[in-house]
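The values are calculated or read from the model by the stated rules, or taken from the named source; none is laboratory data. Given the structure is predicted, the values throughout are model-derived calculations rather than measurements. No Cβ is skipped: glycine too gets one built from the backbone with ideal geometry, and neighbour counts run over all protein chains shown. Please note that ligands, DNA and RNA were not included when accessible areas were found on the heavy atoms of the full protein model with its side chains. Shrake-Rupley method; radii C 1.70, N 1.55, O 1.52, S 1.80 Å.
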Amino acid sequence: MPQDVRFDLPFDTPVSPHLEYARERHLRWVWEMGLVRSQAGFEEYQSWDLAQAAARTYPCASAEDLVMLMNWFSLAFLFDDQFDTGRPDRADRVAEVARELIVTPLRPAGSRPRVVCPITVAWAQVWEQLSDGMSLTWQSRFAASWGRFLVAHCEEVDLAAQGRAGTLGLPAYAGFRRRTVGIHHSIDAGERSRRFEVPPQVMAHPLMERMRDLAADTIGFMNDIHSFERERRRGDGHNLIAVLHRERGCSWETAAAEAYRLTSECLAEYLELEARVPRMCDELGLDTEERARVRMGVEAVQHWINGNYEWALTTGRYAAAKEGPVATAELAGRGSVDDLLTV
């Protein structure tokens, strides 16, 4: 399954005009915070071009806020790669660091982490900036989504450590992937990027809840398709194509085609529900200002669906072939060249 698989998306994603400014400052920050510890790790990280991902998913952020969002991306992606299948005992350290990342938003902003490593120190700094100016309601919503994502990540690591990666059936995997993809809190950050908040009654409405879930499903499945070669190289069975291949006993080509069909179905249902948003606003009796915030909330979802898609087509993170220390690490079951869980 080639990385450049295309989907027909009916909306475009603007790219932030601050991309180059923010990228330069972000890469310097990654070095200074110790989120890369080797030249090979830094070169691999640069190839991912997470700066482009942030510039597409948060195109309306100010220059300084875009730097902060890029910084957040780096620690989240790098933490996701810290498990080593050759060292199943490392799952305990992953869980310890994850707990620290979960509780950070529940402490007063600026608090020092109790579990210290480059990722927890970086997150404490980023959260202080990310939460600035946002209501307690928004902070609590973000913290809950962030926590569910990190707990799911630990569950994924535990399954791999027990040699049970890829054992979930399709329905269980679909629900699991919705949590591991981490889209709910990423969409929440879209509000912070433009300094607004979706009205609480809209966030609680079944239509918006379902739209956010479908956005997570669509992005998660697209990600599985685009990252398939990397994950197969690492022996990672937590991938929609791998699940279909195993469960249905079909060829890789048939599994990939079915994964594409399921992804397209999720996208089609999302678009159908998005068209009902004006009716929801009427139902809730929203005024002009509230409707404007709902519109921006929907745009935040669109930016994530299309922005992540455009980035995934070209990022070096999902390249079909790797060389040198990166290839050695991936073939050994590691996602990262550098160990970021120790001081």
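Structure summary
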{"read-out": "Qualifying residue in segment 291-299 (condition: open to solvent by 20 Å² or more (accessible area, probe 1.4 Å) and not in a helix (DSSP H, G or I))", "value": "no"}
{"read-out": "Hits in segment 10-43 - residues which are modelled with pLDDT of 95 or more, open to solvent by less than 30 Å² (accessible area, probe 1.4 Å) and more than 18 Å from Arg317 (Cβ to Cβ)", "value": "Ser16, Ala22, Trp29, Gly34"}
{"read-out": "Test: Glu191 is among the charged types (D, E, K, R), touching a His at 6+ places or on another chain (Cβ under 9 Å) and assigned to a helix (DSSP H, G or I)", "value": "no"}
{"read-out": "Thr254 being surrounded by 20 or more Cβ atoms within 10 Å (Cβ to Cβ) and not aliphatic (A, V, I, L, M)", "value": "no"}
{"read-out": "Selection from segment 187-216 of residues that are among the acidic types (Asp, Glu) and buried (at least 24 other Cβ atoms within 10 Å of the Cβ)", "value": "Asp188"}
{"read-out": "Of all residues in segment 83-124 being free of Cβ contacts under 8 Å to residues at least 12 places away in the same chain and either part of a helix (DSSP H, G or I) or at positive phi (or both), the one that is nearest to the chain's Cα centre (by Cα)", "value": "Val103"}
{"read-out": "Of residues in segment 330-343 being charged (D, E, K, R) and modelled with pLDDT under 85, the one least open to solvent (accessible area, probe 1.4 Å)", "value": "Glu330"}
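Condition check ((1) in a helix (DSSP H, G or I); (2) farther than 24 Å from Asp287 by Cα; (3) at pLDDT 95 or above; (4) of a type in the set (Gly, Ala, Ser)) across all residues:
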residue: Arg141; (1), (2), (3), (4): yes, no, yes, no
residue: Leu150; (1), (2), (3), (4): yes, yes, yes, no
residue: Asp158; (1), (2), (3), (4): yes, yes, no, no
residue: Phe221; (1), (2), (3), (4): yes, yes, yes, no
residue: His238; (1), (2), (3), (4): no, yes, no, no
residue: Ala242; (1), (2), (3), (4): yes, yes, no, yes
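Each row is one residue, and each column tells you yes or no for (1) aliphatic (A, V, I, L, M); (2) open to solvent by 20 Å² or more (accessible area, probe 1.4 Å); (3) at pLDDT below 95; (4) touching a strand residue (DSSP E or B) at 6+ places or on another chain (Cβ under 9 Å).
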| position | (1), (2), (3), (4) |
| --- | --- |
| Glu269 | no, yes, no, no |
| Glu289 | no, yes, no, no |
| Gly307 | no, no, no, no |
| Ala319 | yes, yes, yes, no |
| Thr328 | no, yes, yes, yes |
